[in-house]
Each structure stands twice: as structure tokens, then as C-alpha cells.
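Asks: Okay, here's the structure, questions in a sec.
The values are calculated or read from the model by the stated rules, or taken from the named source; none is laboratory data. All values derive from a computational prediction rather than experimental measurement. We place every Cβ from the backbone using ideal geometry, glycine too, and count neighbours over all the protein chains shown. Each accessible area value is taken on the protein alone, full model and side chains, heavy atoms only, with ligands, DNA and RNA left out. Shrake-Rupley method; radii C 1.70, N 1.55, O 1.52, S 1.80 Å.
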Amino acid sequence: MSTTTVAHHEEHHDQPTGIMRWLTTTNHKDIGTMYLTFSLIMFLVGGCMILGIRAELFKPGLQLMNPEFFNQLIGVHALIMIFAALMPAATGFANWMIPLQIGAPDMALPRLNNWGFWLLPPSAILLTLPFTLALFGIGDGALATGWTFYPPLSVQGGIGVDFAIFAVHLLGISSVMGSINIIVTLFNMRAPGMTLMKMPMFAWGWLITAFLLVATIPVLAGAVTMLLTDRHFGTHFFDAAGGGDPIMFQHLFWFFGHPEVYILLLPVWGFIPQILETFSRKPMYGYKAQVYSFWAIGALSVVVWAHHFFTAGMPVPALLYFMYSTMAISLPLAVLFFCWIKTMWNGAMSFETPMLFAVGWIILFGIGGLTGLVLADVAADAQYHNSYFVVAHFHYTLFAGGIMGIMAGTYYWLPKMTGHMYSEKLGKLHFWLTAISFNLTFIPQFFLGLAGMPRRIPDYALQFAEFNMISTIAAFTLGLSQLLFVYNIVTCARGGKKATDEVWEGAKGLEWTLPSPPPYHSFTEQPIIK
Amino acid sequence: MQVLRKIGLSFAAMLISISAYADYSWNFPEPATPMALDTLHVHNKFMMIIGVIFVAVLAVMIYSIFAHRKSKGNKPVTDKAPSTAVEIFWTLIPFAILLLIDFVIMGIPAYHSVVMMEDTRDKATMVIKITGSQWRWQYEYMDGDAKGIKFVSNLTTTSDQMHNLAEKGEHYLLEVDNHLVLPVGEKVRVLMTSTDVLHNWWVPQFGSSRVAVPGFIRETWVQVERPGVYRGQCKELCGKGHGYMPIVVDALPMAEYKTWVATKKEELEKASAGADKEWTKEDLIATGKGVYEKNCAVCHQVTGAGLPPAFPPLTGSKIANGPIFGADGKYLKDSHLDRVLNGIRVMPSWKAVLNDTEIAAVITYERNALGNSVGDVLQPSQVKAARQ
Amino acid sequence: MATHSNDQYYVPHGSIYPVVLSAGILSLAAGFIFSVAIDKSKDLAYLQAPGKWMMYIGFGLILAMVFKWMGTIITESVTGKYTKWEDKSFRVGMIVFICSEVAFFAAFFGALFYMRIISVPDLAAFDPLFTPYKDFLGTWPSSGPGGMVLGTEYKPGHLNPMGAWGLPAINTALLLTSGATITWAHWALIKNDRKQLIIGMALTVALGIAFLVCQATEYHEAYTEMGLTLGSGAYGATFFMLTGFHGFHVTLGTIMLIVILLRCMKGHFTPEHHFGFEGVAWYWHFVDVVWLGLFIFVYWL
Ligand code: HEA
Ligand code: HEA
Ligand code: CUA
Ligand SMILES: [Cu+2]
């Protein structure tokens, strides 16, 4: 350990308190906490929206809402869950843990960090405001195009689309600022002696994520800007009459959209191995292999986008190229799976809640990934495309692969962050309820898709009734089980059994060398890695 | 470990609860075209493959979760990265297998079906054009003796059924007034386009689906092997009516198809003849009512009350009560006729969808019913003239 | 790594600027939406006035906050809060930021190439038996075949594209020289020659402004004489969006250059410690390079 103090702060004398503390804070833990809280709240909101959808789909016929409102709920559900629940959660962990894991005094650009967070609430407002306005007879509600903004529908749409466009702009700025901050931190703030190839896996996952964000988010911003000018300033980017092409938007959107799915999961792929090694009590297998796989996935992710619109009509060579390149992504992921399982292999495993989630996560994400692989087949995709099969696929990747991964991370780091142990009993219960009801919600949707039920429809033919009923009932169970999660977190933050510094027997990494909760200024002395 | 047992159990539980029901399906519906058959084979094969992979990967994990527990007193070993040539060779083997799976076992059949799917033209014996618009399909026969046949196909499910006020019929939401009729065994080249937003013409049993892009022509093909009625839906989100633009195809043996063509042609003759004769106000209003409830009521509602702000009411609306023709005898900009013919923003253009009689009838109806009483009559001939 | 382990990293005060800045942006965005809501339905016309005001307020807030925020950074820098360590953070940060800007322009170049290479030719390449565009050639520059657009007819007028060898060539020259002068100023800064530094910066600013003037006149011609507008199909859209966003970046760049010029006069920069200067210089070079891309693909080829 070196003995030189590296963080010199001014907060000591005039540390604002109360609301001002949170508004103005430049402290990476405060900001991390804000990100995580925001994420949890938005997860509940987005979930409640989709519960509305599931309720409407409980049986054939229009029960609760008219079709426009239905379409609005879908799109906003997706945007909230992806941009306001999953991404902020990952960023929250990054803020909390990266400085701790690499022995840094704080994030490299604290004020920027604070701005990055405070861009989120405004965008959340922009996303949901149209609903409120509609109540007062202003405009006709939020965007009703699904989260994919496809023109010409989005050119035709009302002011909800404009709100969503600007929401995306703010979210984009926020993500880019966050990425800049993380890249800088990882390049410039690592403890002496911690070479890149000694960084924790989570840091690596986030480094690639940040690169992808910087490369693709601006493209999305550009695309929606063209949409805006098509709507209001008479340009013809997306209409044939002027020589444009609606499909061009799909190219631009998915050039962002596909990397986005790895942006969402790379941080998770980062900390899952850390959880596995902790609870298997043996160092993770194939660190190098995993890092290289991350690079491979990052590189591949930006060259496969067109697999989202095979049915839009493309020349055969293009179809074949996008099919094969998409399939190629399964190779680095196979490597990751191999490493994860080899890490557990011959360890001394114990199954506390984080480990339960991690193991369940591997299985469920496996299903999501493998079904993704068959979606990549152009011919079969003509059937799968925009059917509930796709919906099931991406909930296995997004909810199981994303949210459940985040839950694993939450249970893993919560004691470190709060200094208290959460209730194992409730945690385990939460896992079982989530895992079971999740499968009961989405397995039926695979069969619905195969049977030919299109997505984004408020009402359906009679032969789809049974599966939808099951799915809805399960969805509500799934939703309610999340209240356990909320309760467990809140009580744990309030108090409970004191957590040790190491928390988990055999936990590896710098964050576990600090007291729980860590002091306000993480490393006033930067450790030296040998 | 319990993870898996529980998930397994719940899955099994679900299967049982389902199989209690009469009609459910676990896979693609029975294919009716070569393409659908091919797709089904590819799909089954791939499902097998990923099934095997999944089970294999899982088995290893289950074993490990069993055997390597702390509670079982298992001592963690420290593994070392493969170092010797032999070890590296053995780690490369699985990788080779995966390559084989991805690009040979899965890749080659995929290649063939793609080529087959995209070859829309050669050996095609007839061409039809499918036009999507909010929210109905329009079919046009482009060649052969059916050339010139052109009609719109609307959902016929009543709004009472949708709002659970009436018993739902067998083909709830999958029934239309005019079916697309195709000869059995012929390779039909399909031109796909749209008048407003993206749509996607999808009949699961045909295995072909193409996005209809406004201003572009996309192509696909179908060759129905067995006579019968086939149903499908639009599967690209296209606004509030997305769930309400189904597809119904009648596949008829050649002979029957020919007779159908003949009769259909006559009907259309009559209709266009109707455009030239003088109509009485009553007849127009009567026909108009039907046209209105089929096409306009989705947004403007049966009563004409509309769904403000998105869909304005017609009852007492400025346009529906204002003048249609100017002093020069030409129809005015933003007049009732202009709106219906050309549309604006969310209001679609009906030029291509409705014929002169229908347009004249529906406008006359809107002006003299739904709480409006302008009293004037719009003749099909005037609409015909206005199209020029 | 070990190099910095013996000095301290500066973690600034809490600051209210970011929150207020975001509030400003929110107000600007919402205001804009309200003020254009009329496009989509006439009965939202009454939102226009309040929208305008929200935009003014938002914009004011943003200006104020950027001003104060940058002010704080400058004072922090001149009061020697920043060492080599923080300096490196800023450098890496600036590089990454410029990368994201590149990606943003890539989107619009992508649109340009897509239309030129794919959509416009495709529209002319349908099966002649069935094509709706009988006499559309699909050659670039193009303003499209025309047709109905969501209920409004669009007829492409005669299109006369922007020639490369008039103003655009001059602009190229202006920007390239400005790139040279700023480098010249940088050398001066390194060998601590205040006079040359200030002359160099002043020249750069002047060139930047000259460029903007030319650009403005070009637009004016386009609209008044050539009838080339945002609405002229694929060509018009890509031309104005690309050059427009570039012009916007030049404007920002010029403002930053002016700030730096003033700071140079104040003597804020030392040969070994002048990130502010370099950051802006990098940005300026980036704007420069983008222009070259524009000149080649939009005007020339
Ligand atoms: C986090 C989110 C996430 C992730 C990780 C993925 C991962 C993948 N996805 Fe998915 N996908 C989405 C989110 C995600 N997807 C979403 C949101 C949509 C719909 C968007 C919309 O339309 O709204 C979508 C849609 C989608 C489509 C378009 C379907 C359509 O609309 O027609 C396709 C098509 O190729 C696809 C493919 C893939 C593939 C090949 C992967 C691969 O990365 C999977 C790789 C993983 C594995 C292969 C499994 C693990 C590997 C092994 C067990 C080793 C052995 C296996 C083999 C070698 C075969 N996805
Ligand atoms: C991270 C991403 C994510 C997550 C987590 C989820 C979570 C869920 N999603 Fe979502 N979904 C998407 C991303 C996601 N989804 C996307 C991208 C689409 C495509 C949209 C489009 O087509 O454009 C989609 C679409 C989509 C559809 C298809 C709609 C359609 O096409 O018609 C359905 C249908 O069942 C669905 C269901 C669910 C369910 C049941 C959950 C459940 O897991 C939710 C569980 C959580 C809760 C239910 C919240 C718990 C809270 C409570 C129970 C109440 C407490 C409340 C307070 C305290 C305020 N989703
Ligand atoms: Cu047409 Cu959906
Ligand atoms: Cu994808």
C-alpha cells in the first residue's frame, strides 16, 4: 500500500445537506445511488404500464383501453425499461463500483458525472408527459409507434413522437457523458500497478460498453433528428417521393439498436463471472479469453444490424452476409459460457441469493441467446419476425439476461453499499418467484409466436386465448414478486445485521478491502497493485 | 440445482394446464406452400440443434452444481490455462464443432431456403399486386385474363364483437368481405406496396412475408398446393387499426378460379357502369351508409362523433357542411371531396381505394346523415370528373 | 501509472450548474415541441406563444450555466487546481467527445451514401412493366420521383445542385489556412511568444468568421436564386443538413476560439500547461476534416 493521500477534497467545510446534497453532489457513491434508485422506480413504472397491456391481452376483445393507448403503452414501456431502468442500473453500478474496484479516489470528471445523471429525470418527464397532457386534451398522447420509431408512422404521429425524439436526445447525451467519464476513469485513475489486463471483469465490460455507446448513440441521435426534420421542416429522408427510403431509418436505428443490446448486457457479463468466482471460491477461469470475447462481441455487434428487418427486402448477398455475421456472434458467446461454467467447475459452491440469480441467469440467458440464433436464419425469420416469438426471445435476453443479472449484482453489492445484510430468506423467495413466473410468462409467448400471433396487437383471434391467459396471470405474479425486491432493498438500507468488510467468504477484488459501507472518500490512499 | 428442478416442474405444469384445452399449437401451422414447408423443416432442424446444445451445456452445469458444493465438502481446485499443444488442441475442438454447427449444419440449409425465397420471378405464371393502406388490403390482378380485377378487402368483424357486446364468431378478427382468390398449384409473383405507412402481408401457412413500403415495390411469391381458405394478419405496426387488417385467401382449383374471374369481371363492369348513370339521393345515402361503416367508422365512429382530438367529428364539421364546388365548377381545396380524395395527415387518401360510386355515395351520406343535413347530392359522374 | 501516485487528484465542490443546465434543456425541448405542435393539428396553435417563451427561458438558462460552469473551470485552472493528472483526464475526455461527434456526422454521411447508392437508383430500377415512376432516371443529384406524401402532393422542381468551385472552394481554402494559423499560434505558445500567439489566434478567429459569412451567402443564394431548399428531395435534405450541422459546429468553434483568444491575452496559458487551448484546437481541426469530407462528397463528386 502506498501512503500518499491522492484525493484532496473541499467538501469537508461546506458539505451541503438535504436535497441540495443530492442536487449538487459530485461524489461517485451519491451519484451511483441516485442512478440505482431512479432505475428501480422506472422499472416499477415501466412494469406497471406493461401490466396494463397484459391485462388487456388477458382475453380476446377490447376490455380496458383503446388501440391507440395500447400502442402508446408498448412503446413507452420499452423505452423506459431499456433507457430508464436497465441502462441507469448498469451506470449506477459503474459509478459505485468502478472507483472502488480500480482503487481510484473518485470518477475522473465528477461534475460531468452529476450532469449525466440529472439529464435522466428530464427525459423521463419528456417520455411520460404526453400522457398527462392528453388528459387535459392537449395532443393525443405518447408516441404510438413502438420503441422503434419506424417512419412513415412516426412522421404521421402526433406530438408524442416529438417528445420521445427529444427524450432520446437527452438520454443520448447522458449516456455519452457517462461513457466519456468511465473511459477517462479507466484510462487515467487506475491504482498504480493495475495494468489494463489486471482490471476487474466488470471494468472491462463497461469499457467496451462505453466504446459502443460513443460509436452508436450519436447515430441514433442523427436518425431521430432526420425524423424531426421530416416531420416539421419538409425534408424527405424517409419518403420515396423525395428519393428517400423508410427502410433507411431502420438501417440507422438498428446500427444503434443491435449494439445497444450488448451495451445492455456487457456490464452484466462483466460482474456475473465475479459473482461466480466468489461463490465457487476459486478464481474465474479464462480471464484473457473473456476479455478477447468482449472485444470480439463489440466488433461484431456493429456489423450485423440488418437482421432486424430481413423481411423489408434486401438483395440476396446482403441477406446472406447479415445472416452469417449474426450467427458468428454465437462463437464469442460460446467462449463466455464455457468460461462461466468452467469457473464453477470443481469449485466449492454455496448458493446465497446472488449465486442463485447468477446460475438461473446463465440458464435463462442461454435460452434467450439460442433462440436469437435461430432468429438469425433469414427464411425462418420470415415466420418469426414481429411475432410473439421475438417478444419471448428478447424478454429472455432483456429481462432474464438484463434485469435478473442486475438483481444478482444488487444482492451481491448491497451489503457493501449499505453496510447491512439483506434478508437471505426473502432474497431466495424473490428469486424462485421471479424465475418461475418469468418462465410462465414468456414460454407461452414462444408458442404464440409460432402459432402466428403478431406482436403489437391489442386484440387477437380466439386460438391464441389460452396461452395469453397463462402469460397474463404469470406476468402479474412476476410483477408482484418484484415488490419483495423493493421491500428487501429498503429494509436493508434502513438497517439490519452489520456486514463485514469482506461480506462474502472468498470475495475477490479491491472493493472488499474497504469497510462496508465504504467511507465517503473511497481511496484517500491509492493501493499499489503488484 | 433446485433452480433447474423448479423451472422444469413449472414448465411441465404449464404443459399440462395447456393440453387441457382443445385447440392449441406447439409449432408452425400446417404449411400450404413449398416455401412454408421448407421454412418448417429449417425451423424444426434448428430447434433440435439448439435443444441439444442447451441440454448439453445444462447437463454439465447440473452435474457441477450437484458435485461441487461447499456443503459436500468439495475443495476448490486452481485451474490453469491450457498450456501444452495437446491441451490447446482439445480446447479448440469445441470451437471447431461450433463453427461446424453455425456455418455448415445450420448455414447450408439456410442458404438454400434464402435463395428459393428470393427467386420471385422465374416459372411465375401470374402476377398480383397487393397494396396495404390504413387499415385494409387492396388486391389487383396484373396479367392474364384476370387482368384489371381490383378490389379492397375489409375486416367484417363487428365492433360489438370487439367490445364483448356480441358473441365472438369462429373467425373473430380473421374475416373479411372480399377474399383474395388464387389458383391452386400456380406460382404467383406478388408485388407489394403501400399507400401510407409500412404494412406486412403475412399468411403463416404460406411462409412468405414482405414489408409493404410506400413508394417502393417489394416482391415475394406464393404457390398454394392445396385448395382451402387461409388466414393471416398484417404484422408491421401501422397505427390504431394494425390489429384489424386481416388477410383471407381462397385457393381454388383452376376451373373454379376461372369461373370466379368471369363473375368478378361482370360485377366490376356493373360498378363502373353505375358511375355514369344518375343516382337518386336515397340510393346514394343507402349505399353510402354501407361504405361509411366499413371504411370511415373506424376513426369517425358510426355516429360521426369522431375521437377528438386525433379524429375530428363529422357531425356539424365545417368541411362536411361546407360547399364542395367553386364558381368555376372545379372542386375547392380543403372541400369535402378534396379531403376524401386526397386525405391529409392521418386522414388517408381514398382515390385508389374507393370507386367513383362509393365516394359519391359516402360523401352524400355524410352530408345528409350523422346529424348533418346539407341536402345536396354528389353524383358519381362528378367524382369521375374530379379525378381528371 | 505509477507516475501520478505522488500528487493529489482534484475532486471539485458540489455544483448546482448541471441540474439547472438540464432544467434549461428540458424547457428548451418542451418549448420547441409546443411551438411546432401546430404542424400536426391546427387546434394546438395556442401552444405556440408559451412554447416560444419556454424556449427563450431554456436557452437563457443554458447560456448562463455554460458561462458559469466554464468560468469555474477557468478559475480552477488558473488557481492551479489542475496538475498533469487532471490534465490527462481532460485530454482523454476531449478525444472521446470528438469521436462521438464524428459518429454523429457519420449518420448523415451514411444517409447521403444510402440515398445516392441505394434508394434513388432502386426507385428507378423497378420492373418496367409495373413501375409507378415511368420516366425517373435515378441519377444523382436527385430530388426524387415525386408522389403523394401522407396526403400532400410532392412535385420535385428542376434541381440545380451547388457547384464545387465557387464559394465552396474558397471556404475550403479559408478553413485549411485557419487550421494552419492555429497550429502556428500553438508553436508560438510553446516557445512562449505572446505576440505571435495572439496574432495567430486573431487570424484564426477572423478566418472562421469569414467562412461563416460565405456559408450564409451561399444559403441565401440557394434559397432566393437557385430554388434549392431543405424540401428539395434527397439532395436538398442531405445538402442542408450536412452543411448546416457543420456550420453550426463552426459557429461553436469560433465562439470557443474567441474565448481562448481572450484567455491568451490574459496570459492564462503557459508552455507546459494549456489544455484549454489544445482542446479547442483539436475541435477546430475536427471541424476542418469534416468540411473536407463535405467538400468532396457533397459538392465535388
Ligand atoms: C440484451 C438483449 C439482447 C441480446 C443479448 C440478444 C442476442 C441476440 N439476438 Fe436478439 N433481440 C433483442 C435483444 C437481444 N438479443 C431485442 C430487444 C430484439 C427485438 C427488437 C424489436 O424488434 O423490438 C431482438 C431481436 C432479434 C432479431 C430480430 C428478430 C426479428 O425481429 O425478426 C434477431 C435476428 O437475428 C436476433 C438475434 C440475436 C442473436 C443472434 C443474438 C446473440 O447475441 C445470441 C448469442 C448467444 C447464444 C448463441 C447462446 C449462448 C451460447 C451457447 C450456449 C454456446 C453454444 C451455442 C452455439 C454455438 C449455437 N435478435
Ligand atoms: C429491459 C427491457 C424490458 C423489460 C424488463 C420488460 C419487462 C416486461 N415486459 Fe416487455 N418489452 C420490452 C422490453 C422489456 N420488457 C421491449 C423492448 C418491448 C418491445 C416494445 C415494442 O414492441 O416496441 C417489450 C414489449 C412487451 C410485450 C409485447 C407487447 C406487444 O408487442 O403487444 C409484452 C407482452 O407481454 C411485454 C411484457 C413484459 C412483462 C410482463 C415484463 C415484466 O418482466 C415486467 C415485470 C415488472 C413489473 C410488473 C413491475 C413491478 C411493479 C409492480 C407489480 C407494482 C408496483 C408499482 C409501484 C410501487 C409504483 N413486453
Ligand atoms: Cu397494417 Cu399493421
Ligand atoms: Cu439484434
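Asks: Give me the one-decimal nm value for the distance between modelled label points at C:Ala164 and A:Met197, 7 Å along each residue's Cα-to-Cβ direction.
Replies: So the label points at C:Ala164 and A:Met197 sit 4.7 nm apart.
Asks: Is the shape of the protein assembly as shown best called rounded, prolate or oblate, per the rule: a/c under 1.5 gives rounded, else a/b larger than b/c gives prolate, else oblate, with a ≥ b ≥ c the square roots of the Cα gyration tensor eigenvalues?
Replies: Details: a/c = 1.88, a/b = 1.29, b/c = 1.45.
It is oblate, given that a/c is not under 1.5 and a/b is not larger than b/c.
Asks: Which angle between 0 and 90 degrees, to the nearest 10, do you get for helix B:356-368 versus the longest principal axis of chain B when only C-alpha atoms count?
Replies: Helix B:356-368 and the main axis of chain B meet at about 70 degrees.
Asks: To the nearest 10 square angstrom, what accessible area does B:Asp79 show with a 1.4 Å probe?
Replies: Accessible area of B:Asp79: about 50 Å².
Asks: Let me ask something additional. Round to a whole number: what % of the accessible area of the protein assembly as shown belongs to carbon and sulfur, probe 1.4 Å?
Replies: Here it works out to 70 percent.
Asks: Of B:Thr280, B:Thr157, B:Leu100, which is farthest on the positive side of the dipole of chain B, counting Cα position, with +1 on Lys and Arg Cβ, -1 on Asp and Glu Cβ, and the Cα centre as origin?
Replies: Farthest towards the positive pole: B:Leu100.
Asks: Can I ask one more? Using the Cα centre as the reference, give the magnitude of the dipole from point charges on the C-beta atoms of the protein assembly as shown (Lys, Arg: +1; Asp, Glu: -1; all else neutral), rounded to the nearest 20 debye.
Replies: I would put it at about 2620 debye.
Asks: About the Cα centre of the range A:184-326, how large is the charge dipole given +1 on each Lys and Arg Cβ and -1 on each Asp and Glu Cβ? Please answer in debye to the nearest 20.
Replies: 740 debye
Asks: If the cut-off is a Cα-Cα distance under 22 Å, which lysines reach A:Lys59, setting aside same-chain residues fewer than 8 apart in sequence?
Replies: Filter leaves B:Lys168, B:Lys235, B:Lys240.
Asks: Let me ask something else about it. For C:Lys266 and C:Trp53 in the same chain, what is the full-extension length gain: residue separation times 0.36 nm, less their Cα-Cα distance, in nm?
Replies: Value of the extension gain: 73.0 nm.
Asks: From the square roots a ≥ b ≥ c of the eigenvalues of the alpha-carbon gyration tensor of the range B:237-388, which class results: rounded (a/c under 1.5), prolate (a/b over b/c), or oblate?
Replies: Oblate.
Asks: Here's another thing I want to ask about it. Can you compute the helix-only [θ] at 222 nm over chain C? Use -39500 (n - 2.57) per DSSP H run of at least 4 residues, normalise by all residues, nearest 500 deg cm²/dmol.
Replies: Per the formula, -23000 deg cm²/dmol.
Asks: Right, something else. Rounded to the nearest 0.05, what FRET efficiency do A:Lys508 and C:Cys214 have when you use their Cβ-Cβ distance and R0 = 56 Å?
Replies: Approximately 0.35, to the nearest 0.05.
Asks: Right, something else. With only Lys, Arg, Asp and Glu charged, each at its Cβ (+1 for the first two, -1 for the last two), find how big the charge dipole of the range B:195-236 is about the Cα centre; round to the nearest 20 debye.
Replies: The calculated dipole for the range B:195-236 is roughly 120 debye.
Asks: Suppose each label sits 7 Å from its Cα in the direction of the beta carbon; what would the A:Lys498-B:Glu282 distance come out to in nanometres?
Replies: 9.7 nm
Asks: Taking the 0 to 90 degree range and rounding to the nearest ten, how far is the long axis of helix B:107-118 tilted relative to the main principal axis of chain B, both from C-alpha atoms?
Replies: Around 10 degrees separate the two axes.
Asks: Also: Cβ neighbours within 10 Å, averaged per peptide: list A:329-335, B:125-131 in order, most packed at the top.
Replies: With the highest mean Cβ count within 10 Å placed first, the list reads A:329-335, B:125-131.
Asks: From the Cα gyration tensor of the range A:444-523, with a ≥ b ≥ c the square roots of its eigenvalues, which class applies: rounded if a/c is under 1.5, or else prolate if a/b is larger than b/c, or else oblate?
Replies: prolate
Asks: Also, I was wondering about something else. Quote the FRET efficiency, to the nearest 0.05, computed for B:Ile344 versus B:Lys80 with a Förster distance R0 of 56 Å and r equal to the Cβ-Cβ distance. Intermediate values should be presented prior to the final figure.
Replies: Working: r = 72 Å, r/R0 = 1.29.
Here the calculated transfer efficiency is 0.20.
Asks: Filter the trypsin sites (Lys or Arg not before Pro) in the range B:40-89 down to the DSSP loop ones having no more than 15 other Cβ atoms within 10 Å, then list what survives.
Replies: Answer in residue order: B:Lys72, B:Lys80.
Asks: In addition: What total accessible surface area, summed over both chains, is buried at the interface between chains A and B, computed with a 1.4 Å probe and given in Å² to the nearest 100?
Replies: Chains A and B together bury roughly 8600 Å² of accessible area.
Asks: Moving on. Say the dipole of the range A:337-482 comes from +1 at the beta carbon of Lys and Arg and -1 at that of Asp and Glu; which of A:Gly372, A:Val390, A:Trp340 then lies farthest toward its positive end?
Replies: Of A:Gly372, A:Val390, A:Trp340, it is A:Trp340.
Asks: Would you be so kind as to identify which of A:Met453, A:Leu484, A:Trp512 lies farthest towards the positive end of the dipole of the protein assembly as shown, taking Lys and Arg as +1 and Asp and Glu as -1 on Cβ and the Cα centre as origin?
Replies: It is A:Trp512.
Asks: Also: Using 1/(1 + (r/R0)^6) with R0 = 60 angstrom and r between the beta carbons of B:Val104 and C:Asn192, what's the FRET efficiency to the nearest 0.05?
Replies: 0.35
Asks: Output the 0 to 90 degree angle, nearest 10, between the alpha-carbon long axis of helix B:34-67 and the longest principal axis computed from the alpha carbons of chain B.
Replies: For B:34-67 against chain B, the angle is about 40 degrees.
Asks: In addition: Within a 10 angstrom radius of each residue's Cβ in A:223-235, how many Cβ atoms of other chains show up on average? Whole number is fine.
Replies: Averaged over the peptide's residues, the number is 5.
Asks: Next question, about the same structure. Within a 10 angstrom radius of each residue's Cβ in C:137-143, how many Cβ atoms of other chains show up on average? Whole number is fine.
Replies: On the way: counts 0, 1, 0, 1, 1, 2, 4.
The per-residue average across the peptide is 1.
Asks: Let me ask another. Roughly speaking, what is the centre-to-centre gap between the range C:184-215 and the range A:94-129 when only Cα atoms are used, to the nearest Å?
Replies: Result: 37 Å between the Cα centres.
Asks: Give me the 1.4 Å probe accessible area per residue for chain B, excluding ligands and nucleic acids, in Å².
Replies: With all protein chains present, chain B gives 45 Å² per residue.
Asks: Provide a whole-number value for the mean count of partner chain Cβ atoms within 10 Å of the Cβ atoms in peptide B:110-117.
Replies: So the per-residue partner count for this stretch is 6.
Asks: Further, regarding this structure: Nearest 100 Å² is fine: how much accessible area is buried between C and A, summed over both sides, with a 1.4 Å probe?
Replies: Details: alone 17340 and 20730 Å², together 31590 Å².
Interface between C and A: roughly 6500 Å².
Asks: Now for a separate question. Pop a pseudo-label 7 angstrom from the Cα along the beta-carbon direction at both B:Glu87 and B:Phe325 and give the gap in nm to one decimal.
Replies: 9.4 nm
Asks: Computed over the Cα atoms of chain A, what is the ratio Rg over Rh, Rh following Kirkwood?
Replies: Expressed as Rg/Rh, it is 0.96.
Asks: For each pair in B:Lys270/B:Lys351; B:Lys258/B:Lys289; B:Lys129/B:Lys265; A:Lys342/A:Lys497; A:Lys425/B:Lys70, compute the distance between the two Cα atoms and list the pairs where it is over 22 Å. Intermediate results must be reported in sequence, preceding the final value.
Replies: Details: B:Lys270/B:Lys351 19 Å; B:Lys258/B:Lys289 32 Å; B:Lys129/B:Lys265 17 Å; A:Lys342/A:Lys497 33 Å; A:Lys425/B:Lys70 19 Å.
From the list (B:Lys270/B:Lys351; B:Lys258/B:Lys289; B:Lys129/B:Lys265; A:Lys342/A:Lys497; A:Lys425/B:Lys70), the Cα-Cα distance tops 22 Å for B:Lys258/B:Lys289; A:Lys342/A:Lys497.
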